[in-house]
Amino acid sequence: MKILKIFSLFAMPLVMAQQSTRFVYQATLTPDSTNVEKKTELAYLDTDGKRSIFYAENSMKRDSVMERMRATKNFDRSQMENLRSNLQFTIEKDLANQSLVYKSRIGRDNYSYPETPVFQWNILPETVKIGDYQTQKAETKFGGRTWYAWFTQEIPLQDGPYKFSGLPGLIVKVQDEKGDYSFDLMQTKKISELHQPLNRGQFITLSKSKYTEMEKKMQKDPVSFFTAQRSGGGGRGPAGGGGNRPGIDPKQMQEFQKRMEAEAKSKNNPIELK
């Protein structure tokens, strides 16, 4: 196992109730099973000890660019080109109840679903020092994958990257059995408050099963899904509506179709397989 050096900015143990903390993870992803090249980016887990939010670093950078463009009224979207992310979601957790709200965008609209994931952790005897922390290994099955996590009781926070939580200490590293996805703690630092993502429109709340169903529709036929959203049809789910939007030039639609189909094919290996 690769041992990562973790840079800690804390000289004293974390007092979660008195300050907010940002745990910076390196996310290594294989969203396309036909392409062995892995994608790497940073993700943040912000917490005040009672709640937490997990999101991509590029998401925060995009929000900052958007706010600057709105303030200057200079909407140059080329500034966004290098800020794309493979973690196009945020996860807000209620740590006391071990429940969460997953938020993401499908097509043109924002969706969210509540979930209380049940992790049947099997804590193993294996221990290893990762960076500054003594960690212990644990195993669970979630989303159609077998996952291995290394947690430390030196940070008494039952949380971790993505949806993972419930171990007697912070998850320093977690990866699936095949190595398609992994999250490795790289840094911790104090922050004044939890980051609040910039909301672009209201969220439509669905059940997780309905959300997954819509996501699969989008993957299978993105153009039809977008067309349904534009006309206020089935793409929007139970909220419905949305009104008719102006038509798109046929040539633009053709280019859009090619781009969306290529993007859908490149996301054939999601972090949750079921």
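The values are calculated or read from the model by the stated rules, or taken from the named source; none is laboratory data. What you see is a predicted model; the values in this text were computed from it and never measured. With ideal geometry, Cβ positions are generated from the backbone for all residues, glycine too; neighbour counts draw on all protein chains shown. The accessibility values were calculated without ligands, DNA or RNA, using every heavy atom of the protein model including side chains. Shrake-Rupley method; radii C 1.70, N 1.55, O 1.52, S 1.80 Å.
Between T205 and S112, the built amide H atoms are under 5 Å apart, and every one of these is 5 or more places off in sequence or on another chain. Using θ = phi - 60° in the Karplus curve 6.51 cos²θ - 1.76 cosθ + 1.60, the 3J(HN,Hα) couplings for region 209-217 round to 5, 5, 4, 4, 4, 5, 4, 5, 4 Hz; x is entered for Gly and Pro. So, R0 is 35 Å and r is the distance between the beta-carbons of S104 and S192; what FRET efficiency does that work out to, to 0.05? Approximately 0.85, to the nearest 0.05. Accessible area per residue for region 21-174 is 45 Å², calculated with a 1.4 Å probe on protein heavy atoms, without ligands, DNA or RNA. Residues whose amide H lies under 5 Å from that of Q19, counting only those 5 or more places away or on a different chain, are absent; hydrogens are built 1.01 Å from N in the peptide plane.
Phi angles of region 145-158 translate, via the Karplus equation with coefficients 6.51, -1.76, 1.60 and θ = phi - 60°, into HN-Hα couplings of 10, 9, 10, 10, 10, 10, 10, 10, 7, 5, 10, x, 10, 7 Hz per residue; Gly and Pro are given as x. Computed from phi, the 3J(HN,Hα) profile of region 104-116 under the Karplus parametrisation 6.51, -1.76, 1.60 (θ = phi - 60°) reads 7, 10, 10, x, 8, 10, 8, 10, 8, 9, x, 7, 10 Hz, with x in place of Gly and Pro.
For region 76-143, the carbon plus sulfur part of the accessible surface works out to 43%, probe radius 1.4 Å.
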